[in-house]
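Notes follow once the structure below has been shown.
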């Protein structure tokens, strides 16, 4: 133990003694006031004021007694109970936070966060890669988000888009899983896939090859947005649309991140270029 630690411990002990002394003084003070009021009430002939003083005195007596009993017998036990409860909660929080840190979990939300969709395209440096896996990727066709995607490509970022093949049976199955019409997801994909082909055609020829687009045939399991600063993950749940399901951000290089990146790479290898 260092001299600084000893000094802080001495100061803390001193403060505890001061607090204890103050409480004892408060207890005795309240009792003295109660006794003084009772004695004073005996010298007053007016029944009203006599009753008022006696009422106040009788009310103060248990207050002063409680303070003294609390200081003498209860404070240590109460503080011990509070300390044990606090330490238990703190230990549980540390354990949970430690597990989250070990797995690389940065944040969690009950639905897809629009800001986390555009942040990768705003911050990723030239020469780096951004990979997106989804069903229709409709969120990225929004005007503002679409502009961020194209600006990232013009800046020199490589963007890989992997969406579900509109003509596969899995598209119809996924539509039913989301409690939609059997062709609704198929129509949704067909409505957005043309946007990416048009965007690619409008890009300058020098960066056009930085936008790679593929489609896959498999039951959609995850929405993934992979970039140098993390992996943004959303799960497709039965009865809920993808952007209304829980999403979480994982630190790059973590165990979880590598598993999701491998999942994307496997689908990308099997995907068909558009």
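Values in this text are rule-based calculations from the coordinates and carry no lab data. Predicted, not measured: the structure shown is a model, and the values here were computed from it. Quick reminder, even Gly has a Cβ in these numbers, built from the backbone with ideal geometry, and neighbours come from all protein chains shown.
Listed values, structure above:
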{"read-out": "Label point distance in nm, residue 256-residue 108, each placed 7 Å from Cα along Cα→Cβ", "value": "0.8 nm"}
{"read-out": "Hypothetical label at residue 268: residues of the stretch 193-210 whose amide nitrogen lies under 19 Å (7 Å Cα-Cβ projection)", "value": "196-197, 200, 207-210"}
{"read-out": "Label point distance in nm, residue 197-residue 219, each placed 7 Å from Cα along Cα→Cβ", "value": "3.0 nm"}
{"read-out": "The stretch 116-146-the stretch 175-248 distance, computed between alpha-carbon centres (Å)", "value": "11 Å"}
{"read-out": "Distance in nm between pseudo-label sites at residue 151 and residue 115 (7 Å out along the Cβ direction from Cα)", "value": "1.7 nm"}
{"read-out": "Against the rule of thumb 2.2 N^0.38 Å, how large the Cα Rg of the stretch 107-273 comes out", "value": "0.98"}
{"read-out": "Theoretical gain in end-to-end length, residue 42 to residue 184 [0.36 nm per residue, Cα-Cα removed]", "value": "42.1 nm"}
